[in-house]
Amino acid sequence: MARLKVMETLLEGRATPEGTRRFQKRFARNQSDHFYRPISGDTVVSSLGLGTYLGDCDDSEDARYTSTASAALERGVNLLDTAINYRCQRSERAIGRAVRASVASGEIRREEIFVCTKGGYIPLDRTPPATKEGYRGFLDSEYYGPGVMQPSDVVSGGHCLTPGYLDDQIDRSRQNLGLAVIDLYYLHNPEQQLDVLPRAKFLTVMRDAFSTLESQVSRGAIDGYGCATWNGLRVSPESRNHLSLEELVRIAREIAGDDHHFRVVQLPINLAMTEAVRLPTQCVEKDRVPLLEAAGRLGISVVGSATLMQSQLARALPQQVHSAFPGFESDARRAIAFSQSLPVVAALVGMKTLAHLEENLASESIN
(Lines give C-alpha, C1' and ligand atoms only; values in the text may rest on other atoms or scores of the structure.)
Protein backbone atom coordinates (compact mmCIF):
# COMPACT_ATOMS: atom_id res chain seq x y z
CA MET A 1 0.00 0.00 0.00
CA ALA A 2 2.82 2.40 0.74
CA ARG A 3 3.83 2.36 -2.93
CA LEU A 4 0.51 3.82 -4.08
CA LYS A 5 0.55 7.38 -5.32
CA VAL A 6 -2.12 8.94 -3.12
CA MET A 7 -4.25 11.72 -4.53
CA GLU A 8 -4.83 14.76 -2.34
CA THR A 9 -8.56 14.14 -2.26
CA LEU A 10 -10.93 11.48 -3.50
CA LEU A 11 -14.38 12.49 -4.68
CA GLU A 12 -16.79 11.53 -1.93
CA GLY A 13 -20.18 9.95 -2.43
CA ARG A 14 -21.70 6.93 -4.13
CA ALA A 15 -24.65 6.11 -6.34
CA THR A 16 -27.93 6.33 -4.42
CA PRO A 17 -31.56 5.52 -5.22
CA GLU A 18 -32.51 9.19 -4.89
CA GLY A 19 -29.64 10.39 -7.06
CA THR A 20 -30.08 7.88 -9.85
CA ARG A 21 -33.87 8.41 -9.91
CA ARG A 22 -33.22 12.14 -10.27
CA PHE A 23 -30.85 11.37 -13.16
CA GLN A 24 -33.53 9.19 -14.76
CA LYS A 25 -36.16 11.94 -14.54
CA ARG A 26 -33.81 14.44 -16.15
CA PHE A 27 -33.54 12.29 -19.28
CA ALA A 28 -37.06 10.83 -19.28
CA ARG A 29 -38.03 12.68 -22.47
CA ASN A 30 -35.17 11.19 -24.45
CA GLN A 31 -35.55 7.52 -23.57
CA SER A 32 -38.29 4.93 -23.21
CA ASP A 33 -39.70 4.07 -19.79
CA HIS A 34 -37.71 0.83 -19.58
CA PHE A 35 -34.34 2.39 -20.49
CA TYR A 36 -33.48 2.77 -16.79
CA ARG A 37 -33.55 -0.37 -14.69
CA PRO A 38 -32.93 -1.24 -11.03
CA ILE A 39 -29.58 -2.56 -9.85
CA SER A 40 -28.59 -3.15 -6.22
CA GLY A 41 -32.05 -2.50 -4.86
CA ASP A 42 -33.70 0.80 -5.76
CA THR A 43 -30.67 2.33 -7.48
CA VAL A 44 -31.29 2.62 -11.23
CA VAL A 45 -28.86 2.64 -14.14
CA SER A 46 -29.08 3.12 -17.88
CA SER A 47 -29.63 -0.10 -19.81
CA LEU A 48 -26.81 0.95 -22.12
CA GLY A 49 -23.52 0.93 -20.23
CA LEU A 50 -20.19 2.33 -21.36
CA GLY A 51 -17.48 -0.34 -21.68
CA THR A 52 -13.77 0.51 -21.73
CA TYR A 53 -11.91 -2.70 -22.58
CA LEU A 54 -10.44 -2.11 -26.04
CA GLY A 55 -7.87 0.37 -27.27
CA ASP A 56 -4.23 1.33 -27.40
CA CYS A 57 -2.27 2.28 -24.32
CA ASP A 58 -1.64 5.88 -25.29
CA ASP A 59 -2.70 9.39 -24.37
CA SER A 60 -4.89 9.96 -27.43
CA GLU A 61 -6.97 6.89 -26.61
CA ASP A 62 -7.27 8.10 -23.02
CA ALA A 63 -8.61 11.41 -24.29
CA ARG A 64 -11.18 9.68 -26.50
CA TYR A 65 -12.48 7.59 -23.61
CA THR A 66 -12.64 10.57 -21.27
CA SER A 67 -14.47 12.68 -23.84
CA THR A 68 -16.96 9.92 -24.68
CA ALA A 69 -17.62 9.13 -21.03
CA SER A 70 -18.34 12.79 -20.33
CA ALA A 71 -20.67 12.93 -23.33
CA ALA A 72 -22.40 9.73 -22.19
CA LEU A 73 -23.16 11.27 -18.80
CA GLU A 74 -24.53 14.36 -20.53
CA ARG A 75 -26.84 12.18 -22.65
CA GLY A 76 -28.30 9.96 -19.95
CA VAL A 77 -25.84 7.05 -19.59
CA ASN A 78 -24.92 6.65 -15.93
CA LEU A 79 -23.44 3.11 -15.93
CA LEU A 80 -19.67 3.19 -16.47
CA ASP A 81 -17.78 -0.12 -16.55
CA THR A 82 -14.03 -0.61 -16.44
CA ALA A 83 -11.29 -2.76 -14.87
CA ILE A 84 -7.88 -2.03 -13.41
CA ASN A 85 -6.12 -4.14 -16.05
CA TYR A 86 -7.88 -2.52 -19.02
CA ARG A 87 -5.30 -0.68 -21.09
CA CYS A 88 -2.66 -0.79 -18.34
CA GLN A 89 -4.86 1.07 -15.82
CA ARG A 90 -5.50 3.86 -18.31
CA SER A 91 -9.22 3.09 -18.72
CA GLU A 92 -9.87 3.53 -15.00
CA ARG A 93 -8.00 6.82 -15.02
CA ALA A 94 -9.87 8.06 -18.10
CA ILE A 95 -13.24 7.23 -16.53
CA GLY A 96 -12.16 8.89 -13.30
CA ARG A 97 -11.26 12.10 -15.12
CA ALA A 98 -14.63 12.16 -16.85
CA VAL A 99 -16.59 11.60 -13.64
CA ARG A 100 -14.68 14.19 -11.64
CA ALA A 101 -14.88 16.79 -14.43
CA SER A 102 -18.63 16.22 -14.87
CA VAL A 103 -19.23 16.60 -11.15
CA ALA A 104 -16.98 19.66 -10.94
CA SER A 105 -18.97 21.30 -13.75
CA GLY A 106 -22.12 21.07 -11.66
CA GLU A 107 -24.02 19.28 -14.42
CA ILE A 108 -23.85 15.85 -12.76
CA ARG A 109 -23.77 14.79 -9.12
CA ARG A 110 -21.71 11.89 -7.84
CA GLU A 111 -24.77 10.14 -6.43
CA GLU A 112 -26.24 9.94 -9.94
CA ILE A 113 -23.38 7.89 -11.42
CA PHE A 114 -22.84 4.13 -11.02
CA VAL A 115 -19.17 3.20 -11.48
CA CYS A 116 -18.03 -0.43 -11.74
CA THR A 117 -14.54 -1.84 -11.90
CA LYS A 118 -12.87 -5.23 -11.59
CA GLY A 119 -9.90 -6.89 -10.00
CA GLY A 120 -8.16 -10.22 -10.46
CA TYR A 121 -5.71 -9.84 -13.33
CA ILE A 122 -2.39 -8.24 -12.46
CA PRO A 123 -2.48 -4.77 -14.05
CA LEU A 124 0.44 -3.23 -15.86
CA ASP A 125 1.04 0.51 -15.48
CA ARG A 126 0.58 2.81 -18.50
CA THR A 127 2.55 0.62 -20.95
CA PRO A 128 3.54 -3.06 -21.05
CA PRO A 129 7.14 -3.86 -20.08
CA ALA A 130 9.34 -4.40 -23.12
CA THR A 131 10.72 -7.76 -21.95
CA LYS A 132 9.88 -10.72 -19.73
CA GLU A 133 12.63 -9.57 -17.41
CA GLY A 134 10.96 -6.18 -17.20
CA TYR A 135 7.67 -7.82 -16.28
CA ARG A 136 9.32 -9.90 -13.56
CA GLY A 137 11.00 -6.78 -12.22
CA PHE A 138 7.63 -5.02 -12.19
CA LEU A 139 6.08 -7.87 -10.18
CA ASP A 140 8.97 -7.87 -7.73
CA SER A 141 8.86 -4.12 -7.10
CA GLU A 142 5.09 -3.64 -7.05
CA TYR A 143 3.79 -6.85 -5.51
CA TYR A 144 6.23 -9.49 -4.30
CA GLY A 145 8.69 -7.18 -2.59
CA PRO A 146 6.08 -5.19 -0.63
CA GLY A 147 4.35 -8.44 0.38
CA VAL A 148 1.08 -7.76 -1.43
CA MET A 149 1.20 -11.32 -2.74
CA GLN A 150 3.59 -14.21 -3.30
CA PRO A 151 4.44 -15.97 -6.57
CA SER A 152 2.52 -19.02 -5.34
CA ASP A 153 -0.65 -16.88 -5.15
CA VAL A 154 -0.63 -16.27 -8.91
CA VAL A 155 -2.30 -18.65 -11.36
CA SER A 156 -2.08 -18.77 -15.16
CA GLY A 157 0.75 -16.27 -15.17
CA GLY A 158 -1.23 -13.27 -13.99
CA HIS A 159 -4.40 -13.91 -11.95
CA CYS A 160 -4.76 -13.56 -8.20
CA LEU A 161 -7.69 -13.34 -5.75
CA THR A 162 -5.97 -13.46 -2.36
CA PRO A 163 -7.26 -11.07 0.35
CA GLY A 164 -4.12 -8.92 0.50
CA TYR A 165 -4.04 -8.58 -3.25
CA LEU A 166 -7.73 -7.58 -3.46
CA ASP A 167 -7.24 -5.00 -0.71
CA ASP A 168 -4.34 -3.54 -2.69
CA GLN A 169 -6.24 -3.53 -5.97
CA ILE A 170 -9.29 -1.83 -4.52
CA ASP A 171 -7.15 0.98 -3.16
CA ARG A 172 -5.33 1.30 -6.48
CA SER A 173 -8.65 1.45 -8.33
CA ARG A 174 -9.97 4.12 -5.99
CA GLN A 175 -6.83 6.16 -6.63
CA ASN A 176 -7.06 5.65 -10.40
CA LEU A 177 -10.71 6.67 -10.43
CA GLY A 178 -10.26 9.43 -7.88
CA LEU A 179 -13.37 8.14 -6.10
CA ALA A 180 -13.77 7.45 -2.41
CA VAL A 181 -16.32 4.70 -3.10
CA ILE A 182 -16.57 2.21 -5.97
CA ASP A 183 -20.25 1.44 -6.51
CA LEU A 184 -19.69 -2.14 -7.67
CA TYR A 185 -16.48 -4.16 -7.53
CA TYR A 186 -16.32 -7.35 -9.59
CA LEU A 187 -14.02 -10.30 -9.16
CA HIS A 188 -12.68 -10.53 -12.70
CA ASN A 189 -13.10 -13.94 -14.35
CA PRO A 190 -12.78 -15.96 -11.13
CA GLU A 191 -13.16 -19.14 -13.18
CA GLN A 192 -9.57 -18.53 -14.30
CA GLN A 193 -8.54 -20.05 -10.97
CA LEU A 194 -10.20 -23.33 -11.92
CA ASP A 195 -7.63 -23.84 -14.67
CA VAL A 196 -5.22 -24.71 -11.85
CA LEU A 197 -7.06 -25.29 -8.58
CA PRO A 198 -9.24 -28.24 -7.58
CA ARG A 199 -12.81 -27.14 -6.94
CA ALA A 200 -12.60 -27.49 -3.15
CA LYS A 201 -9.59 -25.17 -3.04
CA PHE A 202 -11.30 -22.77 -5.45
CA LEU A 203 -14.30 -22.50 -3.13
CA THR A 204 -11.97 -21.62 -0.28
CA VAL A 205 -10.41 -18.91 -2.43
CA MET A 206 -13.87 -17.53 -3.25
CA ARG A 207 -14.94 -17.62 0.39
CA ASP A 208 -11.83 -15.67 1.40
CA ALA A 209 -12.38 -13.22 -1.47
CA PHE A 210 -16.03 -12.62 -0.56
CA SER A 211 -15.04 -12.10 3.08
CA THR A 212 -12.51 -9.51 1.96
CA LEU A 213 -15.10 -7.73 -0.18
CA GLU A 214 -17.62 -7.67 2.67
CA SER A 215 -14.90 -6.08 4.82
CA GLN A 216 -14.30 -3.49 2.11
CA VAL A 217 -18.01 -2.69 2.11
CA SER A 218 -17.89 -2.21 5.88
CA ARG A 219 -14.84 0.00 5.43
CA GLY A 220 -16.75 2.15 2.94
CA ALA A 221 -14.40 1.58 -0.01
CA ILE A 222 -16.95 -0.30 -2.14
CA ASP A 223 -20.74 -0.37 -2.01
CA GLY A 224 -21.31 -3.85 -3.38
CA TYR A 225 -19.60 -6.63 -5.30
CA GLY A 226 -20.12 -9.27 -7.94
CA CYS A 227 -18.40 -11.56 -10.44
CA ALA A 228 -17.60 -10.51 -14.00
CA THR A 229 -17.15 -13.72 -15.96
CA TRP A 230 -16.45 -14.95 -19.45
CA ASN A 231 -17.04 -18.70 -19.56
CA GLY A 232 -17.90 -19.63 -15.99
CA LEU A 233 -21.64 -18.98 -15.98
CA ARG A 234 -22.21 -20.06 -19.60
CA VAL A 235 -20.77 -23.59 -19.52
CA SER A 236 -22.39 -26.74 -18.18
CA PRO A 237 -22.01 -27.87 -14.55
CA GLU A 238 -19.87 -30.72 -15.83
CA SER A 239 -17.24 -28.34 -17.21
CA ARG A 240 -14.04 -27.77 -15.24
CA ASN A 241 -14.41 -23.98 -15.11
CA HIS A 242 -18.14 -23.91 -14.39
CA LEU A 243 -19.40 -21.38 -11.84
CA SER A 244 -22.52 -22.17 -9.86
CA LEU A 245 -24.46 -19.00 -9.09
CA GLU A 246 -26.38 -20.79 -6.34
CA GLU A 247 -23.07 -21.80 -4.74
CA LEU A 248 -21.73 -18.24 -4.90
CA VAL A 249 -24.87 -16.86 -3.27
CA ARG A 250 -24.63 -19.54 -0.59
CA ILE A 251 -21.04 -18.48 0.19
CA ALA A 252 -22.10 -14.83 0.47
CA ARG A 253 -24.92 -15.77 2.83
CA GLU A 254 -22.63 -17.90 4.97
CA ILE A 255 -20.32 -14.89 5.38
CA ALA A 256 -22.79 -12.04 5.81
CA GLY A 257 -26.28 -13.50 6.08
CA ASP A 258 -29.19 -12.26 4.01
CA ASP A 259 -27.73 -8.74 4.12
CA HIS A 260 -24.72 -9.76 2.02
CA HIS A 261 -23.52 -7.41 -0.72
CA PHE A 262 -23.02 -9.93 -3.56
CA ARG A 263 -25.41 -8.35 -6.02
CA VAL A 264 -24.45 -8.59 -9.69
CA VAL A 265 -22.93 -10.96 -12.22
CA GLN A 266 -21.63 -9.99 -15.64
CA LEU A 267 -21.24 -12.31 -18.63
CA PRO A 268 -21.34 -12.17 -22.43
CA ILE A 269 -24.89 -11.97 -23.78
CA ASN A 270 -25.43 -11.14 -27.43
CA LEU A 271 -27.00 -12.40 -30.65
CA ALA A 272 -24.16 -14.90 -31.12
CA MET A 273 -23.68 -15.87 -27.47
CA THR A 274 -27.12 -16.74 -26.14
CA GLU A 275 -26.20 -19.37 -23.52
CA ALA A 276 -27.57 -17.25 -20.66
CA VAL A 277 -30.99 -17.40 -22.30
CA ARG A 278 -31.27 -20.87 -23.78
CA LEU A 279 -28.90 -23.32 -22.05
CA PRO A 280 -29.65 -24.80 -18.59
CA THR A 281 -26.17 -24.19 -17.18
CA GLN A 282 -27.31 -23.50 -13.62
CA CYS A 283 -28.80 -25.61 -10.86
CA VAL A 284 -31.21 -23.91 -8.47
CA GLU A 285 -32.45 -26.30 -5.82
CA LYS A 286 -33.12 -29.34 -8.02
CA ASP A 287 -33.87 -27.51 -11.25
CA ARG A 288 -31.54 -27.06 -14.23
CA VAL A 289 -32.22 -23.60 -15.66
CA PRO A 290 -30.52 -20.93 -17.81
CA LEU A 291 -28.44 -18.29 -16.06
CA LEU A 292 -31.01 -15.50 -16.44
CA GLU A 293 -33.70 -17.58 -14.76
CA ALA A 294 -31.32 -18.65 -12.00
CA ALA A 295 -30.32 -15.05 -11.33
CA GLY A 296 -33.94 -14.00 -11.09
CA ARG A 297 -34.72 -16.75 -8.61
CA LEU A 298 -31.64 -15.97 -6.52
CA GLY A 299 -32.11 -12.19 -6.49
CA ILE A 300 -28.94 -11.39 -8.45
CA SER A 301 -28.84 -8.70 -11.15
CA VAL A 302 -27.26 -9.48 -14.53
CA VAL A 303 -25.21 -7.18 -16.77
CA GLY A 304 -24.50 -8.31 -20.31
CA SER A 305 -21.03 -7.82 -21.79
CA ALA A 306 -19.68 -8.19 -25.35
CA THR A 307 -22.97 -6.82 -26.66
CA LEU A 308 -21.52 -6.14 -30.13
CA MET A 309 -18.85 -8.85 -29.85
CA GLN A 310 -16.06 -6.37 -30.61
CA SER A 311 -18.07 -4.83 -33.48
CA GLN A 312 -18.70 -8.17 -35.22
CA LEU A 313 -22.46 -7.76 -34.60
CA ALA A 314 -22.53 -4.14 -35.75
CA ARG A 315 -22.96 -5.01 -39.42
CA ALA A 316 -24.34 -7.63 -41.82
CA LEU A 317 -26.98 -9.04 -39.47
CA PRO A 318 -29.47 -11.40 -41.16
CA GLN A 319 -32.88 -10.19 -42.30
CA GLN A 320 -34.56 -12.12 -39.48
CA VAL A 321 -32.94 -9.77 -36.99
CA HIS A 322 -34.10 -6.74 -38.99
CA SER A 323 -37.63 -8.14 -38.89
CA ALA A 324 -37.47 -8.91 -35.18
CA PHE A 325 -36.23 -5.40 -34.34
CA PRO A 326 -37.83 -3.04 -36.86
CA GLY A 327 -37.50 0.71 -36.57
CA PHE A 328 -33.76 0.81 -35.91
CA GLU A 329 -31.42 2.31 -38.47
CA SER A 330 -28.26 0.32 -37.74
CA ASP A 331 -27.30 -3.27 -37.02
CA ALA A 332 -25.42 -2.12 -33.94
CA ARG A 333 -28.62 -0.66 -32.56
CA ARG A 334 -30.52 -3.87 -33.38
CA ALA A 335 -27.91 -5.96 -31.56
CA ILE A 336 -28.14 -3.68 -28.54
CA ALA A 337 -31.94 -3.87 -28.65
CA PHE A 338 -31.73 -7.68 -28.53
CA SER A 339 -29.72 -7.58 -25.31
CA GLN A 340 -31.93 -4.86 -23.82
CA SER A 341 -35.03 -6.98 -24.57
CA LEU A 342 -33.82 -9.58 -22.06
CA PRO A 343 -34.19 -9.49 -18.25
CA VAL A 344 -30.80 -7.85 -17.79
CA VAL A 345 -29.92 -4.61 -16.06
CA ALA A 346 -27.80 -3.32 -18.91
CA ALA A 347 -25.90 -4.14 -22.08
CA LEU A 348 -22.29 -2.93 -22.12
CA VAL A 349 -20.87 -1.42 -25.31
CA GLY A 350 -17.37 -0.13 -25.82
CA MET A 351 -17.61 3.41 -27.19
CA LYS A 352 -14.78 5.84 -27.88
CA THR A 353 -16.44 8.35 -30.23
CA LEU A 354 -19.40 10.66 -29.94
CA ALA A 355 -20.77 9.34 -33.22
CA HIS A 356 -20.92 5.76 -31.91
CA LEU A 357 -22.43 6.91 -28.63
CA GLU A 358 -25.22 8.81 -30.37
CA GLU A 359 -25.88 5.95 -32.80
CA ASN A 360 -26.15 3.47 -29.93
CA LEU A 361 -28.50 5.75 -27.98
CA ALA A 362 -30.81 6.35 -30.92
CA SER A 363 -34.43 5.63 -30.09
CA GLU A 364 -36.58 3.36 -32.20
CA SER A 365 -38.15 5.30 -35.06
CA ILE A 366 -41.86 5.15 -35.81
CA ASN A 367 -42.54 3.88 -39.30
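The values are calculated or read from the model by the stated rules, or taken from the named source; none is laboratory data. Not measured: the values here are computed from a predicted model. Cβ atoms come from the backbone with ideal geometry, glycine included; neighbour counts cover every protein chain shown. Quick note on the areas: whole protein, heavy atoms, side chains included, nothing else; ligands and nucleic acids left out. Shrake-Rupley method; radii C 1.70, N 1.55, O 1.52, S 1.80 Å.
Here are the numbers for this structure:
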read-out	value
Strands (runs of 3 or more DSSP E) within the stretch 221-302 that include 1 or more residues in contact (Cβ under 8 Å) with a residue 60 or more places away in the chain	225-228, 262-268
Residue match in the stretch 145-168 (condition: out of contact with any Gly (no Cβ under 7 Å at 6 or more places or on another chain), aromatic (Phe, Trp, Tyr) and without any contact (Cβ under 8 Å) to a residue 12 or more places away in the chain)	no
Neighbours by Cβ (under 8 Å, 6+ apart or cross-chain): first from the stretch 73-100, closer than 23 Å to HIS159 by Cα; second among the basic types (Lys, Arg) and surrounded by 24 or more Cβ atoms within 10 Å (Cβ to Cβ)	THR82/LYS118; ALA83/LYS118; ILE84/LYS118; ASN85/LYS118
Verdict on LEU317 being in a loop (DSSP other than H, G, I, E, B) and closer than 18 Å to VAL45 by Cα	no
Tally of residues being more than 30 Å from VAL155 (Cα to Cα), assigned to a loop (DSSP other than H, G, I, E, B) and at pLDDT 95 or above across the stretch 101-133	4
Hits in the stretch 325-345 (condition: within 21 Å of LEU292 (Cα to Cα) and small (Gly, Ala, Ser))	ALA335, ALA337, SER339, SER341
Any hit, the stretch 134-156, residues being of a type outside the set (A, V, I, L, M, F, W, C), under 30 Å from PRO17 (Cα atoms) and not in a strand (DSSP E or B)	no
Residue match in the stretch 194-213 (condition: charged (D, E, K, R) and assigned to a strand (DSSP E or B))	no
Among the residues listed as GLY304, GLY296, the single one being open to solvent by 30 Å² or more (accessible area, probe 1.4 Å) and under 30 Å from SER215 (Cβ atoms)	GLY296
Failed item, numbered, when LYS5 is tested on (1) at pLDDT below 95; (2) within 30 Å of THR127 (Cβ to Cβ); (3) open to solvent by less than 40 Å² (accessible area, probe 1.4 Å)	(3)
Residue that is nearest to TYR86 (Cα to Cα) [pool: residues in the stretch 97-138 that are open to solvent by 50 Å² or more (accessible area, probe 1.4 Å) and among the aliphatic types (A, V, I, L, M)]	ALA130
Subset of the stretch 41-89 (residues that are within 16 Å of THR117 (Cα to Cα), open to solvent by 10 Å² or more (accessible area, probe 1.4 Å) and assigned to a helix (DSSP H, G or I))	THR66
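Residue-by-condition table, conditions (1) of a type in the set (Gly, Ala, Ser); (2) within 20 Å of ILE39 (Cβ to Cβ); (3) modelled with pLDDT under 95:
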position	(1), (2), (3)
ARG234	no, no, no
SER239	yes, no, no
ILE251	no, no, no
PRO268	no, yes, no
LEU271	no, no, no
THR274	no, no, no
CYS283	no, no, no
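Here's the yes/no breakdown for (1) at pLDDT below 95; (2) open to solvent by 50 Å² or more (accessible area, probe 1.4 Å); (3) touching a Leu at 6+ places or on another chain (Cβ under 8 Å):
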residue	(1), (2), (3)
ASP140	no, yes, no
TYR144	no, no, no
GLY164	no, no, no
ASP171	no, no, yes
ARG174	no, no, yes
LEU179	no, no, yes
